[in-house]
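Accompanying notes for the structure given below.
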Amino acid sequence: MEYFEPKSIGDALSLLSKHGAEAKVIAGGTDVMVDIKFKEEPGALVNIKKIPSLAGITERGGSLRIGALTTIRDIETSALVREKLPVLWDACRQFASLQVRNTATIGGNICRASPSGESLTPLLVLEANAILAFSDGERSEPFKTFFQGPGKSAAGAKGLLTEVDIPIPPAGSKGVYLKHAVRGAMDIAMVGVAVMLTPDAGKNNAQDVRIGLGAVGPTPLRAPKTEALLKGKALTAALIKEAGALAATEASPITDQRSSAENRRWIVEALTRRGLEQTWKAATGKEVA
Amino acid sequence: MSVKINTTINGQAVSASAEASTSLLEFLRDTLEMKGSKLCCNTGECGACTVIYNGKPINSCVTMAADANGAQITTIEGLADGDKLHPVQQAFIDTGAVQCGYCTPGYIMSVKALLDRTKKPTQADIEEAVSGNICRCTGYNKIVDAIHLAAAKL
Ligand SMILES: Cc1cc2nc3c(=O)[nH]c(=O)nc-3n(C[C@H](O)[C@H](O)[C@H](O)COP(=O)(O)OP(=O)(O)OC[C@H]3O[C@@H](n4cnc5c(N)ncnc54)[C@H](O)[C@@H]3O)c2cc1C
Ligand code: FES
Ligand code: FES
């Protein structure tokens, strides 16, 4: 296996072009090292951690920009993220263990494109964009189209994710991420649900509701029908019940060693309801009627 | 392809070469013959291989040895001062938190990192600090007792 530590994005892109499908980017390595030990070694390993300015969290013109090499722990402990992007913060604090969070990067989580990846449904509901570098230039790709299947993304084999650009939701908007797994720590999600709710000015109705479903399809999903059902309405117990059932139909889960498809649908239903109750209460100060 | 690694382990400069695919754990155990950090799951799940990397606890089995370049690493071998055990090590003995002992070095490194971060850890801090460490002999209560004792002594 050949090994490279490019010092710039340009150098990294030339290496990826030159080595083609043989090359593998490595960031934190929490996915790649396990693959090297238990599956196979790539022909060439391109360690991007020596590229300066790929890590960090900055606020810029109504967005938070998070560099690809920012660790999950740095996101979890960022006061800025906790205040402005609670749904992403909530997902990062439920991610693996402290040891893994200290090493794992958000760029690796995104480019792994696992349907259960913890940061992915929050990025979908935040309507964030991936900033991708290719040898012929940079491009901004919405996460809605970025994820293309398990392990497949718009970064492809020759692109590099440099940053995530996350529009800051309106003040007053609340978000939660609910993870269902066998153990609290150190477990891959059986189902993950991200809910973001923005109230109207009088805090009487849900002006905007966004729901992201993780680990229940080939990519992380939004639940557009459920969102449409709720938009502009005051959330009642009956409406939330209907929304949960509808969200379960929008998921397309599979059966695997972690859970059956049927069980996953039930969990989607339960977590969607719980997420709506929690965000409604947090955003309006009212109990669900 | 072999990679040259210049790093600092337990305060001492170390220079050695390793294959690019080598994990930091393999580098410590096999290249440097430092067997204190334990190889168990080799997939980042059990914490037996925990070391402190630039002040932070990490799983050395899923970290590239090449990433040790320029880093400050503390392993279990770096805690005792000659024959005098580190207070965290002593606390594990005093509370009987060690059974087979295989998980112990990893726990001790997680706890050392915790007590470096905060002198008065809450129950939540403790749970977070060792949530990535598994003990198959399952004496978890005594491990928590050891952490409280170590915090009181430090
Ligand atoms: C024990 C354990 C527990 C875990 N628990 C969780 C969990 O609870 N939730 C969760 O979501 N994940 C979990 N993971 C998976 C993993 O930790 C995450 O996916 C992590 O975010 C990967 O980041 P990394 O920096 O370690 O990636 P790496 O392993 O370095 O890379 C991952 C993938 O992304 C590519 N890549 C990395 N960075 C870039 C970039 N900037 N541009 C283009 N491609 C890139 C790599 O080529 C590779 O395909 C766990 C892993 C382990 C070992
Ligand atoms: S051996 Fe590294 S976490 Fe288990
Ligand atoms: S003491 Fe045996 S595994 Fe923990």
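Criterion first (away from ligand 2 (no atom under 16 Å from the Cβ), modelled with pLDDT under 95 and more than 28 Å from B:Cys46 (Cα to Cα)) does A:Ala154 satisfy it?
For A:Ala154, the condition - away from ligand 2 (no atom under 16 Å from the Cβ), modelled with pLDDT under 95 and more than 28 Å from B:Cys46 (Cα to Cα) - is not met.
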Among the residues of segment B:39-51, is there at least one that is surrounded by fewer than 22 Cβ atoms within 10 Å (Cβ to Cβ) and away from ligand 1 (no atom under 16 Å from the Cβ)? no
Segment B:136-154, residues that are assigned to a helix (DSSP H, G or I) and of a type in the set (Lys, Arg): B:Lys142, B:Lys153
Among the candidates B:Gly106, B:Gly132, B:Gly47, B:Gly78, residue that is at positive phi, at pLDDT 95 or above and not aliphatic (A, V, I, L, M): B:Gly47
Got a number for residues in segment A:216-243 being out of contact with any strand residue (DSSP E or B) (no Cβ under 7 Å at 6 or more places or on another chain), more than 16 Å from A:Met196 (Cα to Cα) and not charged (D, E, K, R)? 5
Failed item in (1) modelled with pLDDT under 95; (2) more than 16 Å from ligand 1 (Cβ to nearest atom), with A:Met196 passing the rest: (1)
Single unsatisfied condition, A:Leu197 versus (1) surrounded by fewer than 23 Cβ atoms within 10 Å (Cβ to Cβ); (2) not in a helix (DSSP H, G or I): (1)
Selected residue (criterion: farthest from B:Leu32 (Cα to Cα)) from residues of segment B:65-124 that are among the aromatic types (Phe, Trp, Tyr) and either surrounded by fewer than 21 Cβ atoms within 10 Å (Cβ to Cβ) or within 13 Å of chain A (Cβ to nearest Cβ) (or both): B:Tyr107
Counting only residues that are within 16 Å of ligand 2 (Cβ to nearest atom) and hydroxyl-bearing (Ser, Thr, Tyr), segment A:4-40 contains a total of 1
Residue check for A:Ala55: away from ligand 3 (no atom under 16 Å from the Cβ), surrounded by 24 or more Cβ atoms within 10 Å (Cβ to Cβ) and either within 14 Å of another protein chain (Cβ to nearest Cβ) or within 22 Å of B:Gly55 (Cα to Cα) (or both): no
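I'd like the full set of residues that are of a type outside the set (A, V, I, L, M, F, W, C) and either at the interface with another protein chain (Cβ under 7 Å from one of its Cβ atoms) or touching a residue at least 40 places away in the same chain (Cβ under 8 Å) (or both), limited to segment B:32-52.
Passing the criteria: B:Gly36, B:Ser37, B:Lys38, B:Asn42, B:Thr43, B:Gly44, B:Glu45, B:Gly47, B:Thr50.
Is it the case that segment A:147-168 has a residue that's polar (S, T, N, Q) and assigned to a helix (DSSP H, G or I)?
no
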Output the number of the condition that A:Arg82 fails; it satisfies all remaining conditions of (1) at pLDDT 95 or above; (2) within 11 Å of ligand 1 (Cβ to nearest atom). (2)
Give me the pairs: first residue in segment B:87-104 and under 8 Å from B:Lys142 (Cα atoms) and of a type in the set (A, V, I, L, M, F, W, C), second residue within 16 Å of ligand 1 (Cβ to nearest atom) and modelled with pLDDT under 95, beta-carbon distance under 9 Å, and six or more apart or on different chains, which are they? none
Can you tell me how many residues within segment A:169-181 are touching a residue at least 12 places away in the same chain (Cβ under 8 Å) and surrounded by fewer than 17 Cβ atoms within 10 Å (Cβ to Cβ)? 2
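How many of the residues making up segment B:105-154 are among the β-branched types (Val, Ile, Thr) and in contact (Cβ under 8 Å) with a residue 24 or more places away in the chain? Break it down into steps so the answer makes sense when it comes.
So in segment B:105-154, the residues among the β-branched types (Val, Ile, Thr) come out as B:108, B:111, B:118, B:122, B:126, B:130, B:134, B:138, B:143-144, B:147.
Still in the running and in contact (Cβ under 8 Å) with a residue 24 or more places away in the chain: B:108, B:111, B:130, B:134, B:143, B:147.
Number of matching residues: 6.
The values are calculated or read from the model by the stated rules, or taken from the named source; none is laboratory data. A quick note: this is a predicted structure, and the numbers were derived from the prediction, not measured. Positions of Cβ are generated from backbone atoms using ideal geometry, with glycine treated the same way; all protein chains shown enter the neighbour counts.
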